[in-house]
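Worksheet for the structure shown next.
Each value in this text was obtained by applying a stated rule to the coordinates, not by laboratory testing. Keep in mind that this is a model prediction, so the values were computed, not measured. Please note: Cβ atoms are built from the backbone with ideal geometry, for glycine as well, and neighbour counts cover all protein chains shown.
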Amino acid sequence: MNRRIVKLAAVTFVAGALALSGCGSRADNGSTSSSGATKIAKIGVIAPLSGDLSALGLGIKNSVDLAIKQANDSNAIPGWKLEISAMDDQATPDVGKNAATSLSSDDQVVGVVGTLNSSVAQSVTPVLQPVHIVQISPANTNPTLTQGQDAANPARPYDNYFRTCTTDAVQGPTAAAYLLSIGIKNVATIHDKKSYGQGLVEAFTKAFVAGGGKIAIAQTINPDDKDFSAVVTNVKAANPAAVYYGGEYPQAGPLSKQMKAAGLNVPLMGGDGIFDPSYIDLAGSASNGDLATSVGAPVDTLASAKAFVSAYTAAGYKDPMGAYGAQSYDAANAIINALKTSLAKATDAKSARADTVTAMSSVSFDGATGKIAFDKYGDTVTKVITVYKVTAGKWATEKTLS
Amino acid sequence: MSRFTSALTIPAEKLEKFQTAAHIGGIVAAALGIVSVLLPWSYAHEALDDVTYSAAPSPLQYNYIGLAVIAVVLFAAPLVLRKPGKARDWVAWNTGARFAGYGLLATGFVGVAAIGIESGGLINVDPGGWLALVAGVVGAVSGLVLFRSPEPSMGRIKTNTIVQIIAIAGGLAAVLFAAAFALGLSGAGAFLFYLTFAAFLALTLVRTGVFGWFAKCAADNKKILVLAAFFVAFVFPFTQNGSDANMSIATQVLIFSATALGLNIVVGLVGLLDLGYIAFLGAGAFTSAVLSGSLYSHIHWHPPFIVTVLISGCVSSFLGLIIGTPTLRVSGDYLAIVTLAFGEIFRITMNNLDGSDGPNITNGSNGINNVPELSFLGFNFGDAHQIFGIQVGRFANYFWLMLLVLAVIMVVFVNLNRSRIGRGWVAIREDELAAEAMGVNTFGLKILAFAGGAFLAGLAGAVKAHYDVSVTPDQYVFLESAFLLAAVVLGGMGTVMGVLIGATILKLLPEKLRFFSDYRLMLFGLLLVFMMRFRPEGIIADERRQLEFHAEDEELAEDVQEELIAYHDHFNPDAVTTEDLR
Amino acid sequence: MDLFWQQLINGLSLGALYALIAVGYTVVYGIVQLINFAHGEIFMTGAFGAFATWVVMGSPSSMSWQVAVFGMLPVMILGGIIVSVTMALLMERLAYRPLRDAPRLAPLISAIGISVFLQEFVRLFFGDIPGMPDSKRAIPFPNIEGISGRSVSFGNVNVQISALFTLGALVVCTAFLWFYVNRTKTGRAMVATSQDPDTARLMGINVDRVIMAAFAVGAALAAIAGVAQGMRVGNIDFRMGFLAGLKAFTAAVLGGIGNINGAVVGGLVLGVVESMATTFIPGQFGSPAWKDVWAFVLLILVLVFRPQGLLGAKVVDRA
């Protein structure tokens, strides 16, 4: 028996020694910093670049790319070259988390623009926070991301998270006020159970009821559904004057179409998730009269916005800027502005990360959607919402409120 | 009619005179290969792992040299060993040489193709690369011309136990080195090159008979092998220098393997096709997340982790009982669809338990986030630690935990397999009616398999929740069940080694071959179709299973019969057989 | 009470869709005992085929309803049928025929592989065909004048014309199937093969041809269902086959696997149950978010209490 134990120990020791000595672990992970005076800093993008919401995601990516190109061309940060590192999150929290892990282990990444979906942000921000990579979202509207779970006692959960769009806490009540102002007092609500849709509908319902309106019926759908006949029948039976939908256009478009086909000829109103030309494609002619709110002033009013639109068109991107193009452009520029401070005294991108987060709270400039600055929670100080209406097959500005 | 044949369909008599030429041709080919390494293979630096230098082979090229050297030995040996004897007859030199030739060709081809693709044009392939390709062609042709060797029987070589143990240690160390090396490769081309090299090296060794000898060494020293294997796996995180990316993949591979082993009981041993197995993993993960004390969880009970693990296992097991009981009475095809339907029910239910469509337990589609890190006796799993002076990251901690869980699952699996229960399961798989007629409690055993497999998945899920930090219903879709099933089938149903290999391949390849990521699922579908068409028994085939799929193969049937007799004699040396009664 | 009738009509039209797909499952299972997992994808390729035909015709969008319903729609359906039947026959020839004698696990796993492959193939490459839109997201289905978006009202009950189309298609197809199975040579050969393939072979029936015919018939019906689905929900998507296929198989089992009439009845019953459940089950579990769950619960109940289905299964006893 003793011999066996000795043999066992010998074997394991030998194996271990061979193993430890035999493997040369590859410590260098391709940091091919090219010899030369320019150092590289990357701005990451995490958005759905494929799948249903890719129309919005690609617009975000292209807008960030435009901002980076302009910064490089004007040598905004001397001695540094900016690059984009776009990763696809497929609108899924898991994939987003992997994308964030991948970006956080890239030493040249110094900031991230993303995400589109609030549900994905909940998995992404916890990964970026420990490594102090600043994250600015152009589209997350869920208030808990900046103000914590308890609305009565707001507390900032992540110090590296900011956003250039306003939250549901503003968007929902604006929609409620608008509907009440045009005389609609009886509304049915539908949401897709994801954080964005549910949050938006809750904010809307609270404000609508407080303003004297009535919720005829509240329904939910599964985001994978294609056939909404069950919901439509239930809603029709409740006879609302309008339907408020919390969710994105891949479901909202067909929902609107099926609603009108079943004889429920009332306008469908949604948030910025449905404000995209693809909504009109999917809903067809049934979409005429449908409404949406979107954060920020309409792009054809501000001078800085018009400059952005013309630069975007001139750059020749294959995909349109989508609902969040302007906000993404502003987010990227906010990072660039913060980098002006933090990279000035840094030798490499990784050491500048924490400084960028600190510098972000003092960033202030005029962007494509208005004044860009952040309050103590990371929310934007500009709280402008515009209501749009589908007229003759296109989204047209209806009213701007701030 | 000569008793020799070659891999070509030209009759043996015509090839007789080319044999010596073929041997020499093979040696020349291998020599050319070694020479080619001394020349640059590529003009561009990005290809492979920078093969642009003369007389300074890159790590990948060192591997290639290794293959070439083995080829030289295999081609040369029959020329040197003229006398009949153990050395000449027990090793399948020619077959091995042939596969070494294929290996040279394949790696040469992949190398040139990778250089061409990664550097943007075959123009960037320098003479060294082309020479390697030529060497490969010559080697393959020479190998084809050679006569086939008889089946190797290196397992009959008697070796000293010490030598055997050293062989095991050496083999495992080589595997560890290869794994660390492969994980460290950063380009897809380099990874593919290495994969091709490793695959053909393995094939060559198998066909030469060396693996037969390894298998005998392993069989004689089973306990040492298993312990050494676990030790090597335990040591793996120390080789990563704190780099988290590979440990993350390695931990995911372990979680996947553990779940696949659980499925192996249901599909591999009993033959029940379960398409909703991911639901059990999900149930374990959700239970663990809900009980973890996360801020997003609505159940404010936070038991110690061991208790949570057991509760997760029991919840999954209970679910297994619920679906098993009605459906295991009906035929196998229905079971597949019902389990699939149940997987969907589970996912939809988790999605709906969000307060508006059901009690708010799982937060609906957002799932439970911010699951806190495990903390055992002060050892926080989320932090990096310094052990023996080497930095190990967060993922390494979970790697070790998962290794422990995997060990538990393997022990359970192997013990069940060898017991009466295991034999009963195999009997049910082979022919349920006959088993029932023989007095096997088919229904009871099927339920046991179902619930047992579910329990193991629950265990794996409990750890997965903490590793992933957030648990969402979207992670537990049917496609994951399909991947699990593919791992079991691809690797070899009913075998532990096979399932581990299958799981590793299926989890590792998509991570490393990123350029395929768009086509990943499509290739997966094709893989399933091709697997079932050409090798349904999997990579590591259980021979009896193989017989089920290749019912007309006479040789295989004889092999299996011999093995069964030997197996029976080994376990029942005192049994009275018909031989004794004569 | 109006709500009841409304949901009944909804349920019947949804059920007709399931029935059309279920027939494909049941016919194939009856002969080769194979759950053709990829049948949902055949349904999907039929829909895409019809859409492609529309694009090839020049994407016509404004015409009178007579031209749309009697001219464009049949051409689109024909295009869809051609695509889906081709897919089904290819599948049978390349993947299922070699595995005909293998243990049951092999063709089932192969079917799963084909299903995943087809989904991804359409997702990745349909958009590359010249003139076709990107298929990674839902593609709006063309407007068929006279059917899409129009409905008829009977009092408070609203019946969509697309629902009438689906029900009508089911009636026509069932009649055609009855005629085919009872009056044509191939059809009766199919019945014979499903009862006893060896004797059928002895009687001179070319079993391979019969199996191909079974796949083709199922595929054709699935294509019609694909067009109906496109009109009903207004868009087509590469994922549309998965859930529809699963529910259609439930319908086939519900009615009695192998039994064509069973598939029709099973589909209709399943559709009605699904629609009624979302209105008449009170409380939180009556929300439409649970409707898919009820379909599967029904499957499990059927298997527990009446495994041979409502109308009795017609499968070869391979004991």
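Within chain C, which whole H helices from DSSP have a Cα span along their axis of at least 24 Å and a mean Kyte-Doolittle hydropathy of 0.5 or more, if any?
Numbers: long enough: C:2-32 (44 Å, 1.27); C:39-56 (25 Å, 1.02); C:73-91 (27 Å, 2.36); C:105-125 (29 Å, 1.62); C:161-183 (32 Å, 1.56); C:207-233 (39 Å, 1.46); C:260-280 (30 Å, 1.46).
The answer, listed by residue number, is C:2-32, C:39-56, C:73-91, C:105-125, C:161-183, C:207-233, C:260-280.
Using the scaling law 2.2 N^0.38 Å as the reference, what is the normalised Cα Rg of region B:12-233?
Here the Cα radius of gyration is 1.08 times the empirical estimate.
List B:His466, B:His302, A:His132 from most exposed to least, where exposure is judged by having the fewest other Cβ atoms within 10 Å.
So the ranking, lowest neighbour count to highest, is B:His302, A:His132, B:His466.
For A:Met259, B:Met154, what ranking results if the residue with the fewest other Cβ atoms within 10 Å of its Cβ goes first?
B:Met154, A:Met259
Roughly how many Å is it from the Cα centre of region B:347-399 to that of region A:40-84, as a whole number?
Using only Cα atoms to place each centre, the spacing works out to 32 Å.
Give the order of B:His550, A:His191 when sorted by the count of other beta carbons within 10 angstrom, beginning with the fewest.
So the ranking, lowest neighbour count to highest, is B:His550, A:His191.
Could you tell me how many degrees, from 0 to 90 and to the nearest 10, lie between the Cα long axis of helix A:2-22 and the main elongation axis, the longest principal axis, of the Cα atoms of chain A?
Here the helix axis deviates by roughly 70 degrees.
For B:Gly284, what charge total do you get from the other residues with a beta carbon under 14 Å from its beta carbon, if Lys and Arg give +1 and Asp and Glu give -1? Spell out each step's value before the answer.
Details: positive: B:Lys464; negative: B:Asp468, B:Glu480.
The answer is -1.
Can you tell me which of B:26-36, A:343-353 comes out highest on packing, and rank the rest after it, using the mean Cβ neighbours within 10 Å?
Answer by packing, highest mean first, reads B:26-36, A:343-353.
Taking the convex hull of the alpha carbon atoms in chain B, what volume per residue do you get, in Å³?
On the way: hull volume 112.9 nm³, N = 582.
Hull volume normalised by residue count: 194 Å³.
A:Ser137's amide H: which non-local residues (gap 5+, or another chain) put their own amide H closer than 5 Å, with H modeled 1.01 Å from N in plane and none for Pro or chain starts?
A:Gly114, A:Phe162, A:Arg163, A:Thr164
Putting +1 on Lys and Arg Cβ atoms and -1 on Asp and Glu Cβ atoms, find which of C:Cys173, C:Ala189, C:Ile147 reaches farthest to the positive end of the dipole of region C:16-240.
My answer, from the dipole projection, is C:Ala189.
Roughly how far apart, in whole Å, are the Cα centres of region A:312-336 and region C:1-80?
41 Å
For region B:241-542, would you read off the P(r) tail past 29 Å as a percentage of all alpha carbon pairs?
For region B:241-542, the fraction of Cα-Cα distances above 29 Å is 35 percent.
Step through the residues of region A:235-249 one at a time and calculate ³J(HN,Hα) from phi using the Karplus curve (6.51 cos²θ - 1.76 cosθ + 1.60, θ = phi - 60°), rounding each to whole Hz and writing x for Gly and Pro.
Each residue of region A:235-249 in turn: 5, 4, 5, 8, 6, x, 8, 7, 10, 9, 10, x, x, 10, 5 Hz.
For B:Gly111, what charge total do you get from the other residues with a beta carbon under 12 Å from its beta carbon, if Lys and Arg give +1 and Asp and Glu give -1?
Surrounding charge for B:Gly111 is -3.
Modelling each spin label as a point 7 Å along the Cα-to-Cβ direction, I'd like the B:Leu321/A:Lys306 distance in nm, to one decimal.
Each label point lies 7 Å from its Cα, and together they span 7.3 nm.
Pairs of alpha-carbon atoms within less than 8 angstrom and 6+ residues apart define the contacts here; what relative contact order does chain B have, in percent? Please report the intermediate quantities before stating the final value.
Values: 944 pairs, mean separation 87.4, N = 582.
Relative contact order of chain B: 15 percent.
Could you point to the residue in B:Phe381, B:Gly121, C:Gly230 farthest towards the positive end of the protein assembly as shown's charge dipole, with +1 and -1 charges on the Cβ of Lys/Arg and Asp/Glu respectively?
Farthest towards the positive end: B:Gly121.
Determine the dipole magnitude for chain A: charges of +1 sit on the beta-carbon of Lys and Arg, -1 on that of Asp and Glu, nothing else is charged, the reference point is the Cα centre, and the result goes in debye to the nearest 20.
Details: 33 positive and 32 negative charges, 114 e Å.
The calculated dipole for chain A is roughly 540 debye.
Largest first and to the nearest Å, give the Cα extent of the protein assembly as shown along each principal axis.
104, 87, 61
Do the sum for chain B: with -39,500 (n - 2.57) for every DSSP H run of n ≥ 4, divided by all residues, what is the mean residue ellipticity at 222 nm, to the nearest 500 deg cm²/dmol? Kindly include the intermediate steps, with their values, before the conclusion.
Values: 24 runs with 386 residues, N = 582.
Per the formula, -22000 deg cm²/dmol.
If packing is taken as the average number of other Cβ atoms within 10 Å across a peptide's residues, how do C:245-255, A:374-384 rank, most packed first?
Descending packing order for the listed peptides: C:245-255, A:374-384.
Which value, in debye to the nearest 20, describes the size of the charge dipole of the protein assembly as shown about its Cα centre when Lys and Arg Cβ atoms bear +1, Asp and Glu Cβ atoms bear -1, and nothing else is charged?
520 debye
With r as the distance between the Cβ atoms of B:Leu310 and B:Arg535 and R0 = 51 Å, compute the FRET efficiency 1/(1 + (r/R0)^6) and round to 0.05.
0.85
Cα-based Rg (one decimal) and Dmax (whole number) for region C:12-138, in Å?
Calculated on Cα positions, Rg and Dmax stand at 16.6, 55 Å.
How many angstrom lie between the C-alpha centres of region B:198-240 and region B:456-493?
27 Å
Other chains near B:338-347: what is the mean number of their Cβ atoms within 10 Å of each residue's Cβ?
Going residue by residue through B:338-347 and averaging, the value is 5.
log₁₀ I(q)/I(0) of region A:168-295 at q = 0.13 Å⁻¹, via Debye over equal Cα point scatterers, no solvent, to two decimals?
-0.43
Most fluctuating residue of A:Lys81, A:Lys371, A:Lys318 in a GNM of chain A with Cα springs under 10 Å: which is it?
Looking only at A:Lys81, A:Lys371, A:Lys318, the largest GNM fluctuation is found for A:Lys318.
Hey, got the average number of other protein chain Cβ atoms within 10 angstrom for residues in A:213-226? The partial results should precede the final answer.
Working: counts 0, 0, 0, 0, 0, 2, 6, 9, 4, 13, 4, 9, 6, 12.
That average works out to 5.
Highest mean first, what order results for B:442-452, C:200-210 on Cβ atoms within 10 Å?
B:442-452, C:200-210
Roughly what percent of Cα-Cα pairs across chain A reach past 26 Å?
Result: 55 percent of Cα pairs exceed 26 Å.
What does region C:16-240 give for Rg and for Dmax, in Å, if only its C-alpha atoms count?
Spelled out, the Cα radius of gyration and Dmax of region C:16-240 are 18.5, 59 Å.
Please give me the summed charge of the neighbours of B:Thr95: other residues whose Cβ is under 11 Å from its Cβ, Lys and Arg +1, Asp and Glu -1.
Working: positive: B:Arg98, B:Arg148, B:Arg207; negative: B:Glu151.
Net charge in that neighbourhood comes out at +2.
Treat every Asp and Glu Cβ in region B:241-542 as -1 and every Lys and Arg Cβ as +1, leave all other atoms uncharged, and give the resulting dipole magnitude about the Cα centre to the nearest 20 debye.
500 debye
Relative contact order of region A:168-295, please, whole-number percent, based on alpha carbon pairs below 8 angstrom and at least 6 residues apart.
Relative contact order, region A:168-295: 26 percent.
Calculate one ³J(HN,Hα) per residue across region B:313-326 by plugging θ = phi - 60° into the Karplus curve 6.51 cos²θ - 1.76 cosθ + 1.60, and present them in order as whole Hz with x for glycine and proline.
In residue order, the calculated couplings are x, 5, 4, 4, 4, 4, 4, x, 4, 4, 7, x, 4, x Hz.
Across peptide B:519-531, what mean number of C-beta atoms from other chains lies inside 10 Å of a residue's C-beta?
6
Applying the Karplus parametrisation 6.51 cos²θ - 1.76 cosθ + 1.60 with θ = phi - 60° to the phi angles of region A:203-211, what ³J(HN,Hα) value in whole Hz is obtained for each residue in order, glycine and proline being reported as x?
Coupling constants for region A:203-211: 5, 4, 4, 4, 6, 5, 5, 5, x Hz.
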